[in-house]
Amino acid sequence: MTRSATRRSGGRNARREMRASALTEDQRAVHPGMSGGSYKPLSQADIENIHEAALRALEEIGLADAPESGVAYMTKAGAILGEDGRLRFPREAVQAALDIACKDITLYGRDPKHDLHLNGSRVHFGTAGAAVSMVDVEGRSYRDSTVQDLHDASKISEELDNIHFVQRPMVCRDIADNREMDLNTIYATCSGTKKHIGTSFTEPDFVDDALKMLHKIAGGEDAWRARPFVANTNCFVVPPMKFATESCEVMERCILGGMPVLLLSACMSGATAPSTIAGAIVQSVAECLAGLVYVNAIVPGHPAIFGTWPFGLDLRTGAMTSGSGEQALLSAACAQLHHYYGVPGGAPAGMTDAKLPDMQAGWEQMCSNVMSALSGTNMVYEAAGMHASLLGFCHESLILGDDLIGHAMRCLRGIEVDDTTLAVDQIRDVCIGGPGHYLGTDETLSRMQKDFVYPNLASRSSPKEWEERSKPDLVQKAIARKEEILSKPASARFDPQLDKELREMFAIHLKQP
């Protein structure tokens, strides 16, 4: 059998030209929604034991402090209100909720190209949190976060391929009025990105105004309900095993307003949950199962993300350990429970306890991001930018995190093994009558983009080249990239007429560009 000889196709210049050209989505090596699930820290028996323990906790202990409206919803769905005021959940009520729960959720962007399809083990990365401070990398210090910082984070995220959604990562500490803060959070994020957004609301009465703003941005209530591009991040429980009364009332209004919800159970092992990893998962799963009963009692099949967010604790000091190996295990194991129930889920990863984007930040962020991806977490929250155990957010770290997540996603994609990639024919052509190497072959050039992830900022130059380029610093490169993005108008900015109407309707604090 004859084969055509392998040819050089432009060599180094051809490779440089290919690297310099903008890639289309189908040319990229990694994509939103790639499937994970290969990493399984829990055995099947472990999963079933955790499930049984969670059911026992719901049947025997239950949850306290549900609002009256919540009690009415959940008792109609089979929950039992005890004389002690706690709602207990027979396993039949839990299974009934699981049977009707939404198993396939689309989180919409304002631009359909950013739609996220949550099912199975499809993985997406994004921001999240409620940081109260911004990291000043040049001053090596912290300052209060502002509405401008939030807008800038959204604007930066819009330009980062590996940040797939923007859940509000910080609070606007320069806005004292909580209603105005909630409304300006929507304005600042929506005017910065067309990716899907998540946010929370301080009080139930603020939801109606928020929906008015969202209807206006969407082009009417019908358009909003057809493609709701903002989800409610709802801390509906106060661990251990208590409903957050006011947050539950917020959730009810959001559901009736057509807004997807993230059922967020954020306990801390050793403080508000058992110190064991398995025990913290049991409690978080139990609380989220109660949340599913609640949501589906209001609107059956309403899109709700199973948000198990157990966090780690340094038992020596009481400090949060968001960047620890234990945290990575907590989040990865939770993904297995999401798959067990067949419902879309989310967990935190990519956080660091480091105060600056340094080596500690790098190893902590990569550890949990990779493990969450490989475990198949549908929504990996807080994946970039979060520092100081969630107290600080860093724009430069967000940009560096885009590179980091790209490599985590390449690990997620794994290794394709087929006749082409086994490459016996290519080995023969190169070794017998060929050039003796694979640089510049048709096969190498044709796969150099779709098989490999190349960092945008990280350096792979030799020490000599590094010195010739004035020894570029990674953080300084991130600062330059930030300034480049922020110097241009936001691609997601509102139409001038819409912006004028929004500013007339609401007290918008963000300065006009």
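The values are calculated or read from the model by the stated rules, or taken from the named source; none is laboratory data. From a predicted model like this one, the values you see are computed outputs, not experimental measurements. When we count neighbours, we look across all protein chains shown, and the Cβ atoms used for this are built from the backbone with ideal geometry, even at glycine. Side chains are part of the model used for accessible areas, which takes the heavy atoms of the whole protein and leaves out ligands, DNA and RNA. Shrake-Rupley method; radii C 1.70, N 1.55, O 1.52, S 1.80 Å.
If you check Gln167, Gln148, which single one turns out to be open to solvent by 10 Å² or more (accessible area, probe 1.4 Å), closer than 24 Å to His407 by Cβ and not hydrophobic (A, V, I, L, M, F, W, C)? Working first, answer last.
Numbers: Gln148 fails: closer than 24 Å to His407 by Cβ.
Answer to the check: Gln167.
Do we find that Ala223 is assigned to a helix (DSSP H, G or I), among the small types (Gly, Ala, Ser) and surrounded by fewer than 20 Cβ atoms within 10 Å (Cβ to Cβ) in this structure?
Numbers: assigned to a helix (DSSP H, G or I): yes; among the small types (Gly, Ala, Ser): yes; surrounded by fewer than 20 Cβ atoms within 10 Å (Cβ to Cβ): yes.
Spelling it out, Ala223 is indeed assigned to a helix (DSSP H, G or I), among the small types (Gly, Ala, Ser) and surrounded by fewer than 20 Cβ atoms within 10 Å (Cβ to Cβ).
Determine if the range 275-283 includes at least one residue that is of a type outside the set (Ser, Thr, Tyr), modelled with pLDDT of 95 or more and open to solvent by less than 10 Å² (accessible area, probe 1.4 Å). Lay out the reasoning, then the answer.
Filtering the range 275-283 down to residues of a type outside the set (Ser, Thr, Tyr) leaves 277-283.
Filter again for modelled with pLDDT of 95 or more, leaving 277-283.
From what's left, open to solvent by less than 10 Å² (accessible area, probe 1.4 Å): 280-281.
Yes, there is a match, as at least one residue in the range 275-283 is of a type outside the set (Ser, Thr, Tyr), modelled with pLDDT of 95 or more and open to solvent by less than 10 Å² (accessible area, probe 1.4 Å).
May I ask you to list the residues in the range 55-72 that are surrounded by 22 or more Cβ atoms within 10 Å (Cβ to Cβ) and either farther than 14 Å from Val293 by Cα or over 30 Å from the mean Cα position of the chain (by Cα) (or both)?
Across the range 55-72, the qualifying residue is only Ala57.
Report, by residue number, each residue of the range 179-206 that is aliphatic (A, V, I, L, M) and open to solvent by less than 10 Å² (accessible area, probe 1.4 Å).
Our first condition is that a residue be aliphatic (A, V, I, L, M); within the range 179-206, this holds for 181, 183, 186, 188, 197.
Passing the criteria: Ile186, Ala188, Ile197.
Identify all residues within the range 303-341 that are of a type in the set (A, V, I, L, M, F, W, C), open to solvent by less than 20 Å² (accessible area, probe 1.4 Å) and assigned to a helix (DSSP H, G or I); write none if there are none. Full working, then the answer.
Keep residues of the range 303-341 that are of a type in the set (A, V, I, L, M, F, W, C), which gives 304-306, 309, 311, 313, 315, 319-320, 328-330, 332-335, 337.
Cutting the leftovers down to open to solvent by less than 20 Å² (accessible area, probe 1.4 Å) gives us 304-306, 309, 311, 328, 330, 332-335, 337.
Listed by number, the residues that qualify are Ala328, Leu330, Ala332, Ala333, Cys334, Ala335, Leu337.
Please go through the range 245-263 and pick out each residue that is open to solvent by 10 Å² or more (accessible area, probe 1.4 Å) and either in contact with a strand residue (DSSP E or B) (Cβ under 6 Å, 6 or more places away or on another chain) or under 23 Å from Lys212 (Cα atoms) (or both).
Of everything in the range 245-263, those that are open to solvent by 10 Å² or more (accessible area, probe 1.4 Å) and either in contact with a strand residue (DSSP E or B) (Cβ under 6 Å, 6 or more places away or on another chain) or under 23 Å from Lys212 (Cα atoms) (or both) turn out to be Glu246, Ser247, Glu249, Glu252, Arg253, Leu256, Gly258.
Check Arg140 against each of (1) closer than 18 Å to Thr233 by Cβ; (2) open to solvent by 30 Å² or more (accessible area, probe 1.4 Å); (3) of a type in the set (D, E, K, R) and name the one condition it does not meet.
(1)
Any idea how many residues of the range 342-388 are out of contact with any strand residue (DSSP E or B) (no Cβ under 7 Å at 6 or more places or on another chain), of a type in the set (Ser, Thr, Tyr) and either open to solvent by 10 Å² or more (accessible area, probe 1.4 Å) or outside any helix (DSSP H, G or I) (or both)?
Total meeting the criteria: 0.
Which pairs have Cβ atoms under 7 Å, sit 6 or more apart or on different chains, and link a residue in the range 84-106 that is modelled with pLDDT of 95 or more and surrounded by 18 or more Cβ atoms within 10 Å (Cβ to Cβ) to one that is assigned to a loop (DSSP other than H, G, I, E, B) and of a type in the set (Val, Ile, Thr)?
Final answer for the pair search is Ala101/Val343.
Being in a helix (DSSP H, G or I), hydrophobic (A, V, I, L, M, F, W, C) and either modelled with pLDDT under 95 or in contact with an Asp or Glu (Cβ under 6 Å, 6 or more places away or on another chain) (or both) is the filter here; which residues of the range 189-206 pass it? Write out each step before concluding.
First, the residues of the range 189-206 that are in a helix (DSSP H, G or I): 189-190, 204-206.
Imposing the further condition that a residue be hydrophobic (A, V, I, L, M, F, W, C) reduces the set to 190, 206.
The answer is Phe206, and nothing else.
Restricting to the range 494-511, and then to whatever is touching a residue at least 24 places away in the same chain (Cβ under 8 Å) and surrounded by fewer than 16 Cβ atoms within 10 Å (Cβ to Cβ), can you tell me which residue is farthest from Asp208 (Cα to Cα)?
Top of the filtered list is Lys511.
When you go through Arg88, Arg143 one by one, which is the residue that is over 21 Å from Trp224 (Cβ atoms) and in contact with a Gly (Cβ under 9 Å, 6 or more places away or on another chain)? Quick ask: steps written out before the conclusion?
Working: Arg143 fails: in contact with a Gly (Cβ under 9 Å, 6 or more places away or on another chain).
Going through Arg88, Arg143 in turn, the sole match is Arg88.
Being farther than 15 Å from Leu390 by Cα and in contact (Cβ under 8 Å) with a residue 24 or more places away in the chain is the filter here, so list the residues in the range 121-149 that pass it.
Ser121, Arg122, Val123, His124, Phe125, Val137, Glu138, Arg140, Thr146, Val147, Gln148, Asp149
Give all pairs with beta carbons closer than 6 Å in which a residue from the range 267-294 that is touching a residue at least 24 places away in the same chain (Cβ under 8 Å) meets a residue that is open to solvent by 50 Å² or more (accessible area, probe 1.4 Å) and in a helix (DSSP H, G or I); count only pairs at least 6 apart in sequence or on separate chains.
What qualifies is Ile277/Leu329.
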